[in-house]
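For reference, the structure discussed in these notes is given below.
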Amino acid sequence: MNNVQKMMIAVVAVFAIGFIMVGSNKEKSTEEREAEAMIRTVASMQGMANKKCPAKIKELTGSQVYFPSDTDTDKATFVSMTWAGEKGDNFETATCVLHAALGGISRLTIDGKVIINKDI
């Protein structure tokens, strides 16, 4: 074998070792997969709540809401958001609870009056 062939074999070997190292480092532990799933679940619930709740509040009150004044979640099953009405809004407080199991709003309360109440 001449030097050019030896050099080509060395380059191929370096690439092969690199691919093996990257492939072995991508394996994730069970804890890492569970943490990633929890983050995806919370992000999904939060996104759904940010889409459905303001639309329903606007439909019922005529006032557009943007940013909740309070948010609560157990990071697994529900997201609860509360909006405080501002000057010119047609409500004082609105609370919307979204459960992942229902895939939508499970409880909507506007000024203490329960509008939607679905059991899980």
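The values are calculated or read from the model by the stated rules, or taken from the named source; none is laboratory data. Source: prediction; values computed, not measured. Neighbour counts run over all protein chains shown; Cβ positions are idealised from the backbone, glycine included. Remember, those area values only see protein heavy atoms, side chains included, never the ligands or the DNA or RNA. Shrake-Rupley method; radii C 1.70, N 1.55, O 1.52, S 1.80 Å.
Some observations on this one:
- Segments 102-108, 39-45 sorted - mean Cβ within 10 Å per residue, highest first: 102-108, 39-45
- In the chain, a dipole from Cβ-located charges (positive for Lys and Arg, negative for Asp and Glu) runs towards its positive end, and of Asn117, Thr71, Gly23 it is Gly23 whose Cα lies farthest in that direction.
- For the stretch 1-116, convex hull volume per residue from C-alpha positions, Å³: 157 Å³
- Cα→Cβ-extended label distance, 7 Å offset, between Met38 and Lys6, nm: 5.5 nm
- Structure note, pairs Lys28/Lys52; Lys28/Lys56; Lys26/Lys51; Lys28/Lys75; Lys87/Lys113; Lys6/Lys28: Cα-Cα distances above 29 angstrom occur for Lys28/Lys52; Lys28/Lys56; Lys26/Lys51; Lys6/Lys28.
- Note on the chain: with charges restricted to the Cβ of Lys and Arg (+1) and Asp and Glu (-1), its dipole about the Cα centre is near 480 debye.
- Inter-label distance, Ile20 to Asp119: 6.1 nm, where each label sits 7 Å from its Cα along the C-beta direction.
- Cα-based helix-to-principal-axis angle, 3-25 vs the chain, degrees rounded to 10: 30 degrees
- Projected label distance in nm at Ala76 and Met48, using a 7 Å step from Cα toward the beta-carbon: 1.7 nm
- Amide hydrogen neighbours beyond the local backbone of Thr77, cut-off 5 Å, H modeled: none
- Taking the Cα atoms of the stretch 17-74, the ratio Rg/Rh between the radius of gyration and the Kirkwood radius comes to 1.32.
- For the stretch 7-59: accessible area per residue (Å², 1.4 Å): 79 Å²
- Expressed as a whole percent, the accessible surface of the stretch 32-71 that belongs to carbon and sulfur atoms is 56, based on a 1.4 Å probe.
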